[in-house]
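Remarks on the structure that follows.
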Amino acid sequence: MRVKIVIVGGGIVGLTTAYNLVKLGENDVVVLEQKYIAYGSSTRNAGHFRVHFWAPENTRFAIEARKRLLDFVSKIRWNAEIDLGGYLWLLYKEEHVKAYERSNREIWSKFDVSGKILTPEEISELFPYINLEGVIAGFYGPQDGKMNPNAIVFGYYEKAREMGVKFLPYTRVEKIIVDNNKVRGVQTNKGVIESEKVLVAAGGWSTKLLKSIGVDLPIEVERKEIGVTEPINYFIKPFIISLKSGVYVGQMVRGEVLGSIDYPVVKGLTPFNTTLDWIHKWSENAVEVVPQIKHLMFLRTWSGYYVVTPDHSHILGRDPEWPENLYVATGFSGHGFMMAPFAGEVMAKNLLYDEIDELMKPYLPTRFKEEKLIHETMVIG
Ligand SMILES: Cc1cc2nc3c(=O)[nH]c(=O)nc-3n(C[C@H](O)[C@H](O)[C@H](O)COP(=O)(O)OP(=O)(O)OC[C@H]3O[C@@H](n4cnc5c(N)ncnc54)[C@H](O)[C@@H]3O)c2cc1C
């Protein structure tokens, strides 16, 4: 088989890139997926999106991604369950209140996405079910919200396939073939596929594949657990993040209460297990934030990977010192689903025309050796 572009990874990043390539008229594209479509984090996440990040680069990127996400969901045949319930950060320390006030004034208002600092009384009026013990303020971002990631993943998959992209599930890339410092294709468990260009969008597995051709990316993989309870009447409007414990709690449209907490810390490509430790830790801290959920039973728990870079921001494009025609799109550090609608668009232009969009520039892999890190610490979970 010979194609113009091989995409390694059938997660949301591979899918949005394939969709945008074919929208630009390029359908000589194959997406290779080691298991089934969206086996990785893209169907294992919390399904939330926001525009509020500490780094202006990430805020601008997320604003563009949000626009494309909201536009795309009108094109698919499934209900993407978009709900702009907002994000509510519960703040317990003066220094955190100051930091949110500063970002609201200096970053978010400049991009027209300012939120609101709320007093405990205002929080209590808007969201009376939240326990405000120790809370000195809240930051509410009404532009933020939730979605059904499955509908969106399979929406991109279906659209790209309809327009001519080929998908090969259960086709694992074992090696990227490089000859004369130029990418020639990939070796898979089902044979060789020759190609002009290769995009590695393989989530947590990207570094292993790249290492085999001498490309080292500063990425750590962390397994994160997450769960939903049985459904109850919908009452938790915003996605609540406590800066005391780091716990997050939200409610899906069907009524399940969903959430997670960064515990236990498990690094590496470990099996997708879940633990009783996590259930205890999350339950304890989630009940502290929303006491009413105390008697709910878990419906299911699962786990997935955060693919974490040193500055908690994604890596897009290529380093000129790499073998020619090798590209990457990974390292989304726990906020990749929401970024993918725009990441796929800029990556498609990068692959086709070697164009580097203004908003993509900060994310080039060269930033690590140039020490031009994006200072993002607003990582949830
Ligand atoms: C618990 C949890 C909660 C999260 N919550 C959110 C959230 O609310 N909002 C948000 O925006 N993000 C969230 N994320 C992050 C988000 O899920 C990821 O950033 C995003 O899904 C990354 O997409 P991806 O396509 O890069 O990776 P993946 O979805 O992991 O896709 C990579 C694909 O590549 C395939 N692959 C790997 N190696 C090979 C190979 N050698 N050959 C062929 N195929 C290969 C894998 O099987 C996989 O399907 C969360 C993540 C987790 C774990």
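Rg over Rh of segment 204-294, using C-alpha atoms and the Kirkwood radius, what does it come to? Kindly include the intermediate steps, with their values, before the conclusion.
Values: Rg = 16.6 Å, Rh = 14.9 Å.
With Rh from the inverse mean 1/r over Cα pairs, Rg/Rh is 1.11.
Taking R0 as 25 Å, what's the FRET efficiency between residue 98 and residue 234 from their Cβ-Cβ distance, rounded to 0.05?
On the way: r = 34 Å, r/R0 = 1.35.
Taking R0 as 25 Å, the efficiency between residue 98 and residue 234 is 0.15.
Restricting to Cα pairs below 8 Å that are 6+ residues apart, what does the relative contact order work out to for segment 301-381? Please round to a whole percent. If you can, show how the numbers build up before the last one.
Values: 95 pairs, mean separation 30.8, N = 81.
Relative contact order, segment 301-381: 38 percent.
Segment 143-221 and segment 108-141 have Cα centres spaced 40 Å apart. For segment 1-98, the average shadow cast by the Cα convex hull is 9.1 nm², which is a quarter of the hull's surface.
For segment 147-298, what is the relative contact order in percent, using Cα pairs closer than 8 Å and at least 6 residues apart in sequence? Present the calculation step by step, with values, prior to reporting the outcome.
Values: 190 pairs, mean separation 23.5, N = 152.
Relative CO of segment 147-298 lands at 15 percent.
For segment 205-220, 3J(HN,Hα) computed residue by residue from phi via the Karplus equation (6.51, -1.76, 1.60; θ = phi - 60°) reads 8, 4, 5, 4, 5, 6, 4, 5, 10, x, 9, 10, 10, x, 10, 10 Hz, glycine and proline entered as x. A cut-off of 5 Å between modelled amide H atoms, ignoring neighbours fewer than 5 places along the same chain, links residue 184 with 177, 178, 179.
When the chain is modelled as a GNM with alpha-carbon springs shorter than 10 Å, which of 24, 32, 276 fluctuates the most? In this elastic network of the chain, the residue with the biggest mean-square fluctuation among 24, 32, 276 is 276. Shape annotation for segment 259-312: C-alpha extents along the principal axes are 37, 24, 15 Å, from largest to smallest.
Hey, what's the Kirkwood Rh for segment 110-162 if you take every pair of different alpha carbons, in angstrom?
Numbers: mean 1/r = 0.0702 Å⁻¹.
One decimal place: 14.2 Å for the Kirkwood radius.
Take the Kirkwood radius over Cα pairs of the chain, plug it into Stokes-Einstein at 20 °C and 1.002 mPa s, and you get 101 µm²/s for translational diffusion. In plain terms, if you count all Cα to Cα distances in segment 58-121 and split them into 10 Å steps from zero, the share in each step is 17, 39, 28, 14, 2 percent. Under 5 Å from the amide H of residue 11 lie the amide H atoms of 38, each residue being 5 or more positions distant or on a separate chain, with H modelled from the backbone and absent for Pro and chain starts. With contacts taken as Cα pairs under 8 Å and at least 6 residues apart, the chain reaches a relative contact order of 24 percent.
Just to verify a number: FRET efficiency for residue 67 and residue 276, C-beta to C-beta distance, R0 = 41 Å, to 0.05? Please report the intermediate quantities before stating the final value.
On the way: r = 41 Å, r/R0 = 1.01.
Once rounded, the FRET efficiency stands at 0.50.
To the nearest 10 degrees, how steep is helix 12-23 against the longest Cα principal axis of the chain, on a 0 to 90 scale? For 12-23 against the chain, the angle is about 60 degrees. Between the amide H of residue 334 and those of 307, distances stay under 5 Å, these residues lying 5 or more places away or on another chain, with hydrogens modeled in the peptide plane.
With a Förster radius of 30 Å, plug the Cβ-Cβ distance of residue 24 and residue 211 into 1/(1 + (r/R0)^6) and report the FRET value to the nearest 0.05. FRET efficiency, residue 24 to residue 211: 0.45.
Mind scanning 35/190; 35/146; 23/197; 208/349; 146/267; 197/349 and naming the pairs with a C-alpha gap bigger than 21 Å? Walk me through the numbers before you get to the answer.
Details: 35/190 13 Å; 35/146 27 Å; 23/197 18 Å; 208/349 26 Å; 146/267 27 Å; 197/349 13 Å.
The pairs that break the limit, which is 21 Å between Cα atoms, are 35/146; 208/349; 146/267.
Mean-square fluctuations from a GNM of the chain, with a 10 angstrom spring cutoff on Cα atoms, peak among 262, 319, 277 at 277. Here the extension length gained between residue 121 and residue 189 equals 18.5 nm, from 0.36 nm per residue of separation less the Cα-Cα distance. Coupling constants for segment 340-353 follow from the phi torsions by the Karplus curve (6.51 cos²θ - 1.76 cosθ + 1.60, θ = phi - 60°), and in residue order they are 4, x, 8, 4, x, 5, 5, 5, 4, 5, 5, 5, 7, 10 Hz; glycine and proline get x.
Shown in residue order for segment 243-251 are the 3J(HN,Hα) couplings computed by the Karplus curve 6.51 cos²θ - 1.76 cosθ + 1.60 at θ = phi - 60°: 7, 7, 10, x, 5, 10, 9, x, 10 Hz (x for Gly and Pro).
Stokes-Einstein, applied to the Kirkwood radius of segment 260-381 over Cα pairs at a viscosity of 1.002 mPa s and 20 °C, places its translational diffusion at 126 µm² s⁻¹.
Given only helices, namely DSSP H runs of n ≥ 4 each adding -39500 (n - 2.57), what is the per-residue ellipticity at 222 nm of the chain, to the nearest 500 deg cm²/dmol? Kindly include the intermediate steps, with their values, before the conclusion.
Values: 8 runs with 98 residues, N = 381.
After summing the helix terms and dividing by the residues of the chain, the value is -8000 deg cm²/dmol.
A Gaussian network model of the chain, with springs between Cα atoms under 10 Å, assigns the largest mean-square fluctuation among 299, 326, 199 to 299. Peptides 329-339, 128-138, ordered by how many other C-beta atoms sit within 10 Å of their residues on average, highest first, read 329-339, 128-138.
Can you give the convex hull volume per residue for the Cα atoms of segment 154-217, as a whole number of Å³?
Details: hull volume 6.8 nm³, N = 64.
Hull volume normalised by residue count: 106 Å³.
At 10 °C and 1.306 mPa s, grab the translational diffusion coefficient of segment 56-200 from Stokes-Einstein with a Kirkwood Rh over Cα pairs, rounded to a whole number in µm² per second. Let's see the in-between values first.
Working: Rh = 19.4 Å.
The Stokes-Einstein estimate is 82 µm²/s.
Where a number appears in this text, it was derived from the coordinates with a stated rule and is not lab data. This is a predicted model, so every value here is computed, not measured. For neighbour counting, all protein chains shown are included, and Cβ atoms are generated from backbone atoms with ideal geometry for every residue, glycine included.
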